[in-house]
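Here is the structure we will look at, set down as structure tokens.
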Amino acid sequence: MRILPLLLIVLLACTACGSKTKENLYDEGMKQIEAANPSAAVVYFKNALEKDANFFEARFQLAKAYAAMGKAEQAEKEFNKVLAQNPSRDDVLLELAKISNAGGKWDRARELAGQYLSRHPDSPEGLEVTGVSYALNKKHGEALSYLTRSLQADPKRGSVKLELAALHISMGNVEQARGVLGELLNADPRNFKAHYMLASLELAAGARDRAVAIYKKILQLDQNQVAARFKLASLMLEKKDPDQAEAAADQLIKEHPKRGEGYLLKGMVAYYRKNYAEAITQLQQSIKLGPTLEGYHFLGMSYCGKGELETALSQFRIILDRVPDSRRERLMTAQILLAQKRVDDAVSEVKKVIAVNDEDATAHYILGNAYLVQGQFDEGMRELDRATRLDPKLVNAHLKKGAFYFSRGREAEGEGELVTAVKAAPDVLKSRLLLASRYKRQGKNEKAVALLKAGLNGSRGDAPLYNALAALKFLSGDEAAALGSLEAAKRADPLFAASYQKLAAYYAARADYPRALAELAALHAKVPADVAALLGLASLSEIAGRESDALSYYEKARQTGAMNGYLALAAYHQKKKAPQKALDVLDEAVKNDPRNPVPLEAKGRLLVAQKNYKQALKAYDELTSLNPDRGALLKVGCYLAMKQGDKAVEQAKRLITSRPSSVQGYLLLANVYQGAGDTASAIAQANQAIRIDGKSAEARVLLGELYRAKKDNAQAMAAFQGALKAQPDSLAARFALATHLEGTGKKQEAASMYRGILALNGSYVPALNNLAYLSADGYGKKEDALRLAISAYRLEPGNPSITDTVGYALYKNGRNQDAVKLLERAATLLPGNPTVRYHLGLAYHQAGDKVRSQKALQDCLALGESPDSGAARTLLAQLK
């Protein structure tokens, strides 16, 4: 309804345009600009240009009107026309720079502003635009320099002071921000933007009373500031005063019946009172009058309150479609999915939040709960531990003080509070498990055991406690007691998956496949849709040589609809040289979950392996629409496989042009140069990525890999250590450093680092595989080698390198025939890998097959020099 008056204005304007001069039309357009009506102004300026296409000032104002409407492309087009017609209008450069800033093209903005500053070096506006571009790019030092210079050039420039205050806030300089805003308000008491910014600053600092005072001051200056009235009423609601908030909402509706704020506030009040039906009615009216993200959020929360979870999800998805990085809505979506028992989907959603910020405590907390629901006890506890380390406020009220003390390093007091928490709420399982986990980390195993035993009460909740007890018993070497605890866990809760998984892992690590399979089969019988159980059964059946059983379990995993079930079955078909069957499985996965990039990536890789590059590129094009960076990277790899380096370079440069402030394009180009053998150019691009984003661990890891390829170990080590310093929790950086240590002969240190990675993420396959290999070679227990290798195999059954590791671990554990079967398969999958042939030779030798051992060792040496060549020659000489 609000659009109709605007259309009427435009129609009337068009009718009157024909009889006016271009100057009259220009003046009318300027009046509309002053009245904050850029849409109507566009009509007048366009009609003025129809009368004279060279009317530069009208075109300049037309471009500004488009910019005010948020139509960046049209604005940029018109500004460029002004420059083409009148190159002396260098003020256009600043307007174009502002558009580039708004579009995230900060390098382009600085380039344009730099051109302007080269002609007007002390221009406060030019300095401001440049400073803003640096601030948006999070280059705080440069931003501060330019904004300060702008203010020195024009001390009364209010817009610069606002930008300077915002910069100080982003840098954490709260007092400096307050000082700048205070100066601005002393000079211009009616600067409402400054008032609102100062109020937000006070709210962030927890000073609600000061924020209230600021909003009241805004209303003293202008009673029509609806935003201030809405904020004040919202604060009343937060202070648990719904009556005053509702009165304010009624007043807003009475005075502004065609605006949405009053209805939004009334809906929020109804939600607070748990009157969800009324809340939904008011919030729907608010959205009808003026859609806001807050309106959709509270509408979603109200549907949650009514138990209409699917409708609630729809509201949160509306927000996510518009703001994909919205953390709050993503976490709400994950929690609803968890409540609906759609655990895999919940895990997927919460991992998207963690991908953006790995230090999001709430996200780790939700992920931990999801893992516990799935029966992944260790993973769940690890996530909960991380959540409480990141943010003490996430634990329940009994744990708040303890977590606070721990965050301050006051260990004794913190532990005392946790003990009090357990005593105050002895049935709260999470509290007891967290305290036991802390005792375990401190090496206080006896205290941990006593604490866990004290929590046993004969209920289903005993299962997690027995699992924790088993872990402690395994740690102390008391395997019998550990197995007894796991059996007790199964009796307490026959549906708790972790108990069966741990027993299966124990038996598999000892190559006792019948008992391992029996445990997983028992779990499958009780929970038929447990994908982890099915994949465990499939992978162990493969290792045991029961191929028909393996295929059956992989098929059942696919039938659950879980993505890892599809991927595992496709990988199995690929191993069995049935690529079309693998493609059919992946196509079904894409059809069932078209917004998931994982099956598209797997499909593209399979097509590349089959040298069907055209179809692979098509798959990667689809992937690019879902994940532009990943899609571009894989397309580059495809072009390189096609020997089309020029297209690979073009693809990388296109990404740099479209997103010059992102490191991804430069890393992509570095990979292209690396693939072409131009290491120097690759290093240059990696360094450029580091200059753009000094906190990028990915760029430093790539730089380290490039130096390692040059055998410059010192530079490689420095790069990997720099990556870890930039992002201490980056698993990729930790893994890169560990592999470098392993490659330089520091294998004990490498094994220690791999263990550290697995303590953070027990499902990190590269670390599982490498630690298994090192353990098999004596840098750990040979039983652990088999356990770790099988865990990796279960997660990535199609990975031939892992197949080799499992075979090698079986050989080390004396399981000769099983080892031979796995290593023969690995040799088929990796025909050009000399290490696999060497391992196969060892297995044949230990199995007593001298002839085949000689053949495998000769094949190893025929493939060229490798780290195993010397050992292969020695063994071959002994056999001869």
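FYI, it's all coordinate maths here, none of it is from the lab. Just so it is clear, the structure is predicted and the values come from calculations on it, not from any experiment. With ideal geometry, Cβ positions are generated from the backbone for all residues, glycine too; neighbour counts draw on all protein chains shown.
Of all lysines in the structure, those lying under 28 Å Cα to Cα from K51, and not within fewer than 8 positions of it along the same chain, are K20, K22, K31, K64, K71, K77, K81. Note on the chain: helix-only mean residue ellipticity at 222 nm, from DSSP H runs of 4+ residues weighted -39500 (n - 2.57) and normalised by residue number, equals -25000 deg cm²/dmol. Measuring r between the beta carbons of Q580 and A525 and using R0 = 35 Å, the FRET efficiency lands at 0.55. Relative to one another, the C-alpha centroids of region 36-83 and region 202-240 are positioned 38 Å apart. Sorting 203-214, 164-175, 532-543, 43-54 by average packing, meaning the other beta carbons within 10 Å per residue, from highest down gives 532-543, 43-54, 164-175, 203-214.
Taking the Cα centroid of region 111-138 and of region 271-304, what is the distance between the two, rounded to the nearest whole Å? Here the two parts' Cα centres lie 43 Å apart. Full extension of the chain between K855 and A759 yields a length gain of 30.5 nm, computed as 0.36 nm times the residue separation minus the alpha carbon distance.
Taking a threshold of 23 Å on the Cα-Cα distance, which of the pairs K747/K821; K447/K473; K710/K781; K611/K643 fall above it? Too far apart for the 23 Å limit: K747/K821; K710/K781.
Note on K193: lysines with a C-alpha under 16 Å away, same-chain residues under 8 apart excluded, are K156, K161, K216, K217, K231. Assuming charge only on the beta carbon of Lys and Arg (+1) and of Asp and Glu (-1), the dipole of the chain about its Cα centre is about 960 debye to the nearest 20. Selection among G604, S200, A489 by position relative to the dipole of the chain gives A489 as farthest towards the positive end (Cβ unit charges, Cα centre).
Of E650, E329, E379, the sequence from fewest to most neighbouring Cβ atoms within 10 angstrom is E650, E379, E329. Per-residue extension of 0.36 nm, minus the Cα-Cα distance of M171 and A518, leaves a gain of 119.1 nm for this segment. Taking Cα atoms only, the orientation of helix 429-441 departs from the longest principal axis of the chain by about 60 degrees.
Angle of helix 361-374 to the longest C-alpha principal axis of the chain, folded into 0 to 90 degrees and rounded to 10: 40°. For region 237-323, the tally of Lys pairs with Cα-Cα distances below 21 Å comes to 12, considering only residues 8 or more apart or on different chains.
Taking 0.36 nm per residue of separation and subtracting the current Cα-Cα distance, fully stretching the chain between K618 and K591 would add 8.2 nm. Using just the C-alpha positions of the chain as equal point scatterers, what log10 of I(q)/I(0) does the Debye formula give at each q in 0.05, 0.09, 0.11 1/Å? With no solvent term, the Cα-only Debye profile gives -0.38, -1.16, -1.54.
Judged by the mean number of other Cβ atoms found within 10 Å, the most tightly packed of the peptides 566-574, 685-693 leads the ranking 566-574, 685-693. Placing a label point 7 Å from the Cα of T148 along the Cα-to-Cβ direction, the residues of region 105-135 whose backbone N falls under 20 Å from that point are 121-135. Rounded to the nearest 10 degrees, the angle from helix 613-626 to the longest Cα principal axis of the chain is 50 degrees. Averaging Cα coordinates gives a centre for region 321-347 and one for region 714-757; these two points are 33 Å apart.
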